[in-house]
Every structure is written in structure tokens, then in C-alpha cells.
Amino acid sequence: MSDYIVSARKYRPQTFDTVVGQEHITTTLKNAIKNHHLAHAYLFCGPRGVGKTTCARILAKTINCESPTADVEACGTCSTCTSFRDNTSFNVFELDAASNNSVEDIRELTNQVRFAPQHGKYKIYIIDEVHMLSASAFNAFLKTLEEPPPYAIFILATTEKHKILPTILSRCQIFDFKRITTNDIVDHLAGIAAKESMIANEAALHVIAQKSEGCMRDALSMLDRIASFTNGMLTYANTMEHLNLLDADFYFRLTDAMLAQDVSTVLLQFDAALERGFEGDVIITGLAENFRNLMLCKDARMAKLLDVPNDLKPLYHEKANQAPPSFIISALNVLNDCELNYKSATNKRLHVELALIRLCYLLQFTKPGSGMQVAEAGEKKNSDTVAPPPQPSYQAPVAREAEATYNSAPAPQPAPAPPPPPAPVQAPAPRPAQVMQQSAPVHEPVIPHSAPAPPQASPVPPVPQAAPAPAPPQASPAPASRKVSMGLLNNLDSEISAAASRQQGPVEIAYEPALAVFEAFKEQLKAADKTMLYAQFNLVKFEVHPPDEVRIITPSELTDTYIKELRNQIIDFYYTTARMKVRLTTVIVEEKTAEDEGTRVLSKSEMFEAMAAVNPNLAKLRAGLGMQIEY
């Protein structure tokens, strides 16, 4: 028979100092032992494999030790410690609540509690997986747990604290164990590997620690398995191969292909991963983790959040410099949507492939160092509405004939005059060009800064209209040219002032235009066959409160809900239709009707008064006969 013992049992902590990652609990327990402040019941709860049962055994051994050390640890040499190590102690009882969960088992336990310990100070009862006890067993255990003998200490351990009755929780001191960090697991595995004469790469140990998800027992089991697979030579490659994980190089190749917009390479890499047995959701999750690491590398303050092997950190920083931040954030959004909808997708492979194709072309819609180009295009569209309409003839001076025609076309005069000679037209012509050059920085989307284009490339709208007609009469050439230039200046000044006024703040809106826009929105709902919404909108009342508030008064909460759901659409409709920036608010004013108020029963005197109001002779008859109303 082999003497081999798995690492999880062989290297199980025997003292408080050897417990990994639970210093907040071991320190508390040591101070309680030192100050003689031991409770009669403890509850250790937390994830699996973090040291709950181990700490319970260490606590049981330490409080019964005959000669504890100066730092409150069990000596390991006295008779009590020796019997505990050999599993022959009569003062420590371990009970598995998963298989002993009936009332009879708890009754047997309470009968044992009545007897004092034969050797040592305390009798310790360790009940593992205590949440598996039945409700009747919990109730049978209440009295003993609340008032045990002074020599009895109960230590309960569970992974599901929420399943324990509140009456049990209130009788225990609760210690919450946390998951062991990746760095603590790596350091512990490195020490064990050195003791076992293994050659373990730090990156390989880091992968094992990440895969264990904070569970030391799982990490030690994986270490034993990979050591047997690699004959004690743990490297990053064979560790990833044995654990059937996709390494960082795979995700780096995918990221490089996405940045190069190489759809074929991305889909081939995805197909190769599927042939290796990986599911699509695993690939999406790993790719999202890769993009998250790239995002963390963008800021030095977030470097501590990067949970990757130290050998890979320089490579992550290098790849992060190649990917724009906007691309990384947009890619995370696409991957998150893909992961959320993966389970409901019928064709899961196509679902993942579509997400990867979107990532390949995502760079076309993002701008390095900023947001989306789509948003930028929207801003340009808005700026086009503010700037004057494009008139290419306003740029640098064009041919003399075209300019003379343009100057003469829009300015007819009642009195005929000889056509203007071409010489005076050249003098004021540079003036519009200078004005446009000064205003070009304000309206960059409309007026380019390039050199003047040739006449055939610049469309001159008025030329076809002026061709069949004779030269319009003008008073003199110089005043006509000056009138056109002043018109250009006035148009530019009005547009610039209008844009400035829109940037300054909200413009006061009037009732009639605002109501017209609201009615247009209602008609749009009607045209879209949204009859229910249209009916609800007909029930509201419309008010305008300067400078920019549009208040909708609704008769019920249902109508108010419909208005609030379409609030953003109504605000956008106001801006796109009439350039009104409004604040939309709603107020519920319930109208009371006669049916709501109900019909009140009249008294006899009120009935008589109502009848006398209709027929005054009744009052005379009552007064003449001296009659009284019976109540």
C-alpha cells in the first residue's frame, strides 16, 4: 500500500499561524484564548476550501493544550495534542450534519453533553455542514445551544449561512471566512512545490490560483494533478493544456486581427477553439476578460486590479497602447450583450460569430482617444443647421463673368439702367472672401479652409436663372456690388448671433408655436397607428411656463406614465421640428365627477326644502296648517 497523501491533507494547517488568508479570524480567536473570553458557540461560514473546518480543529486543539506557547499556539507535544493528532481524543467530537440530520442524532448529542470531560478543560463539538439539519433537529438543538454546560463548546461550520434558523444564528458568534486571494494562493503553492521538489513556473501557479477561485483545497488538488501530468515540471503551456484553458496568446491574436479588421483570421481562430472543445460562451467570457485587462492597463492607478501573471503584464501594456480606449469600451459592450443573449440564442455559433464580426468593424465607428464618429457626425449635422446654407460662390473670387452675373441676378431695380462695366466689380469682390475667411473657424463644417476651387468645380446656383433673361437694370455698378456684399455680411451676422444665442441658454418659448408642435407630435402618433397613445394624448391639457417649460397636465397616473415614457421623444421632436429646447414636466390633476362624489342621501328636512324650492306653495301649506317634519 502506498504512503502517498494528497497535498490538501498532507499540508493542512496545524496552527493558527499556518492558516492562509484568514488573519482577521485567527487573530480574533488567539486573543479570545489569551484573554479567556471563549464563547460557548461559534459559527464559521464562508465558501468551500477556505479553512473553516481547519480553524475549528485548531481551536479545539489549542484550548485543550496543556502547555500552549507564548503566541497562543498548541505545543503539539502534550498528551492532549498527541491524542488529537492520532484521532484518539475523547474531548473532541466531529459530527457530519449531512448524514446525521435527524432529531435522534441531536438527542444523542445532547445526552453526551451532560458528561464532563475526563481529561482536559473542554469538550468540543464540531458540527460540519450544519445547514443540512432538519427544522426539527434545529429546534431540538436550541435549548442545549443556548445554555450548555460550562465545559461544552460548539463549533458549527457551513457554506450556506442563509439556510440556518435565525434562532440558531442569534446564539452563536459568527465568523465570516473570505475567499483566499490569488497572491496568497500562489505563495502557498510555491512553498509546497519547493518542499515537493517540483519545478513550477510562477505563471503556471498563477493560472492554478485563478482557476481555483479562492479555494485552497481546489488549488492543491490541481497542483497534484498537473504535477503528475508533467512529472513535476509545471510550465505555463502545459498547465493551460491540462486545465483545458485558452491562453493569453489566443486572445492577443484575436485582438490583433480585430484591430486589423481581418474577419477571416478571427473566424478561423474561433473555429480552431471550437474544435478543441471550447464552448462559445467560454471564448466570449475570456475575450471580455482580455479587453478588461487592456482597459486597466490604460491607467497606472488601476494597475493593481490587473490579475495576470507578472510575465504577461508587459505584454498587456504593449497591447493596450495599440488599442484605442473607445474601441476597448465599445468592444466590452458588444461582448456583454453577446454573453447576456447567448443562452437564449438558437444558433449559438452564429450568435458568437456575429459578435466577432462586429468587433472587427468596430474600429471604423470609433475615433482614437474619443467617442464614436457617429456622434461626431451628429454634431456636424447640428452645426450644419446653425451655419448658413452652403453657397460655394461665397468663397474666394471666381471668374469675372460668373461674379458679375451673380451680383446682377438677385437685385432687380424698377428703373432701367445700362449694364455695369466689369471693371468696378473687382473692387468690392474680395470683401466677401475676407468676411468668410474670418468667420470660417466658426462654421468649419460648412466653409472649408482650402484654396479657391476652379469655376467648374464650384456650383453657382443663380447662373441658370440669369442666363435666359437680359442683364437686370441697376442704378450703378458700385452700389449693386456693395449691396450684395452687405447682404452677405448681414446673413453671416444674423446666423452667428443666432448660434450664439442658442449657446447662451434656453430661449423663451411662446404658447402657440409650442402647442402647434405638440399637436404635430400627436398627429405623428396617429399616422403611426398608435391609437392607444393618441387617445391618451387627447386627454391631457397643455401649458407653457416661460422660459422653457412645457407642462402636460394628465388626468390619471396611466396617462402620466405614457407621457413620461415618450418624454425624450417629445423633447427631441421639439428640437428637430422647431429648434425649441424645452423642459417637459407632467402633473397629475384628477378630475372629480358626479359619479366619483357619489349620491348623498338627503334628510327629511333637506328633502322638504328641495321640494319647497321647486313649489313654494308647500311652504305656505305647512305654515298654514302648523305641520312639523318628522325626523
With the structure loaded, tell me whether K313 is surrounded by 18 or more Cβ atoms within 10 Å (Cβ to Cβ), basic (K, R) and more than 18 Å from the chain's Cα centre (by Cα) or whether it fails that test. no
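Just checking, how many residues over region 242-264 are open to solvent by 50 Å² or more (accessible area, probe 1.4 Å) and more than 23 Å from L306 (Cα to Cα)?
5
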Conditions first: (1) of a type in the set (G, A, S); (2) surrounded by 15 or more Cβ atoms within 10 Å (Cβ to Cβ); (3) at pLDDT below 85. A594 passes all but one, so which condition is the exception? (2)
Would you please name the residue that is nearest to the chain's Cα centre (by Cα), looking only at residues in region 171-228 that are closer than 26 Å to I155 by Cα and assigned to a strand (DSSP E or B)? D176
How many residues are at pLDDT below 80 and hydrophobic (A, V, I, L, M, F, W, C) if we restrict to region 597-631? 3
Residue list for region 539-561, restricted to those being under 33 Å from the mean Cα position of the chain (by Cα) and either touching a residue at least 40 places away in the same chain (Cβ under 8 Å) or open to solvent by 40 Å² or more (accessible area, probe 1.4 Å) (or both): D548, V550, R551, E557, L558, T561
Check region 268-282 and report whether any residue there is in contact (Cβ under 8 Å) with a residue 60 or more places away in the chain, over 23 Å from Y342 (Cβ atoms), open to solvent by 20 Å² or more (accessible area, probe 1.4 Å) and touching a helix residue (DSSP H, G or I) at 6+ places or on another chain (Cβ under 9 Å). no
Does A237 meet the test of being hydrophobic (A, V, I, L, M, F, W, C) and open to solvent by 50 Å² or more (accessible area, probe 1.4 Å)? yes
When region 354-371 is examined, which residues are found to be open to solvent by less than 40 Å² (accessible area, probe 1.4 Å) and either under 18 Å from L254 (Cα atoms) or at pLDDT 85 or above (or both)? A355, L356, L359, C360, L362
List every residue pair whose Cβ atoms lie under 7 Å apart, where the two residues are 6 or more positions apart in sequence or sit on different chains, the first residue falls within region 565-590 and is among the small types (G, A, S), and the second residue, located anywhere, is open to solvent by less than 70 Å² (accessible area, probe 1.4 Å) and part of a loop (DSSP other than H, G, I, E, B). none
Out of S344, S330, sole residue that is surrounded by 12 or more Cβ atoms within 10 Å (Cβ to Cβ) and modelled with pLDDT of 90 or more: S330
Identify all residues within region 94-130 that are open to solvent by 40 Å² or more (accessible area, probe 1.4 Å), touching a residue at least 12 places away in the same chain (Cβ under 8 Å) and within 13 Å of P148 (Cβ to Cβ); write none if there are none. Q112, R114, A116, Y122
Given the options A219, A193, name the one that is in contact with a strand residue (DSSP E or B) (Cβ under 7 Å, 6 or more places away or on another chain), at pLDDT 90 or above and either within 21 Å of S7 (Cβ to Cβ) or open to solvent by 60 Å² or more (accessible area, probe 1.4 Å) (or both). A193
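Table: residues versus (1) assigned to a helix (DSSP H, G or I); (2) open to solvent by 20 Å² or more (accessible area, probe 1.4 Å).
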{"site": "V20", "(1), (2)": "no, yes"}
{"site": "I25", "(1), (2)": "yes, no"}
{"site": "T28", "(1), (2)": "yes, yes"}
{"site": "A39", "(1), (2)": "no, no"}
{"site": "R57", "(1), (2)": "yes, yes"}
{"site": "T62", "(1), (2)": "yes, no"}
{"site": "D71", "(1), (2)": "no, yes"}
{"site": "G76", "(1), (2)": "no, yes"}
{"site": "T82", "(1), (2)": "yes, yes"}
Restricting attention to region 309-316, does a residue exist that is closer than 29 Å to D187 by Cβ and among the charged types (D, E, K, R)? yes
Name the residue that is nearest to H351 (Cα to Cα), counting only residues in region 283-292 that are open to solvent by 10 Å² or more (accessible area, probe 1.4 Å) and under 18 Å from the mean Cα position of the chain (by Cα). T285
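Can R171 be described as touching a Cys at 6+ places or on another chain (Cβ under 9 Å) and among the basic types (K, R)?
no
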I'd like the residue in region 322-345 that is free of Cβ contacts under 8 Å to residues at least 24 places away in the same chain and in a helix (DSSP H, G or I) and, out of all such residues, is farthest from C297 (Cα to Cα). L340
When you check M580 against the structure, is it at pLDDT below 90 and either surrounded by 14 or more Cβ atoms within 10 Å (Cβ to Cβ) or among the aromatic types (F, W, Y) (or both), yes or no? yes
The number of residues in region 606-630 that are surrounded by 11 or more Cβ atoms within 10 Å (Cβ to Cβ) and either assigned to a helix (DSSP H, G or I) or free of Cβ contacts under 8 Å to residues at least 24 places away in the same chain (or both) is 11
Can you pull out the residues in region 144-164 that are of a type outside the set (S, T, Y) and under 22 Å from I33 (Cβ atoms)? L145, P148, P149, P150, A152, I153, F154, I155, L156, A157
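The values are calculated or read from the model by the stated rules, or taken from the named source; none is laboratory data. Because the structure is a prediction, the values reported are computed rather than measured. Neighbour counts are summed over all protein chains in view; Cβ atoms, including those assigned to glycine, are modelled from backbone coordinates with ideal geometry. For accessibility, only protein heavy atoms count, side chains too; no ligands or nucleic acids. Shrake-Rupley method; radii C 1.70, N 1.55, O 1.52, S 1.80 Å.
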